[in-house]
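Read-outs: derived from the displayed coordinates by stated rules, not from any lab. In this text, all values refer to a predicted model and were calculated from it rather than measured experimentally. Please note: Cβ atoms are built from the backbone with ideal geometry, for glycine as well, and neighbour counts cover all protein chains shown.
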Amino acid sequence: MQQNIYLLGAPGAGKGTQAQLLSEKLGIPQLSTGEMLRSARLEGSELGSRVAAIMDAGKLVSDGIVIELVEHRLARADHQDGVILDGFPRTIPQAEALDALFARTGRSALKVIAVDVPADEIRRRLQGRRWCTRCKKTYHITDNPPPPGQSCEGGGTCLLELRSDDKPEAVEKRLQTYADQTAPLLAHYRAKGTFFSVNGMGKIGDIFSAVMACILA
Ligand SMILES: [Zn+2]
């Protein structure tokens, strides 16, 4: 049976980690918008050159083009057992365009799993995140600090910095964008009857078990 899965949640909810684990467990590809845009440029197709022109001009790629990219990708032979969507759709118009694409191409209904994490925990996770400007590894000041005595690949100890995206004012903006544009998808998919919700607090393995229970339901 074809498994089309979308993990929905706020930034920092851990959906990327779960999507990757699911992709490995089920042996089906993960479809991320960023990766699709990058590979379209490299392919040198007509669509790829349009994407390159838009990105090089510093403009945002429209929903229509992202849907075209998704359609191209879903047509591939290795995407017929299913896909795990990562970071798309993010708005109601995108979700509606995707629904229409699924109906037009006869794909099985999208199974949506919401990863539920309270806003205060999202703030704690994102604002505690640090990355090393030399080796580019990501850490968390309390959840995942660099092990004592570990030296940076660039030599010495890691130079940890807060990304501009994870600064308090940027985090508030991201949470607001999520609440305004993405959270309405919860009701959109709940109404379609293939919607599940899991508690995103706790250990990665426990959350993954809950996600798998939704897949097998
Ligand atoms: Zn480092």
Residues Gln94, Gln150: which one is surrounded by 14 or more Cβ atoms within 10 Å (Cβ to Cβ), at negative phi, without any contact (Cβ under 8 Å) to a residue 60 or more places away in the chain and not hydroxyl-bearing (Ser, Thr, Tyr)? Gln94
Looking only at segment 123-137, decide whether some residue is over 29 Å from Gly205 (Cα atoms), within 16 Å of the ligand (Cβ to nearest atom) and hydrophobic (A, V, I, L, M, F, W, C). no
Considering only segment 31-39, I want to know if a residue exists there that is within 17 Å of Asp78 (Cα to Cα), in a helix (DSSP H, G or I) and in contact (Cβ under 8 Å) with a residue 12 or more places away in the chain. yes
Output the number of the condition that Ile113 fails; it satisfies all remaining conditions of (1) touching a residue at least 60 places away in the same chain (Cβ under 8 Å); (2) over 26 Å from Gly9 (Cα atoms). (2)
Within segment 157-191, restricting attention to residues that are basic (Lys, Arg) and surrounded by 14 or more Cβ atoms within 10 Å (Cβ to Cβ), which residue is farthest from the ligand (Cβ to nearest atom)? Arg190
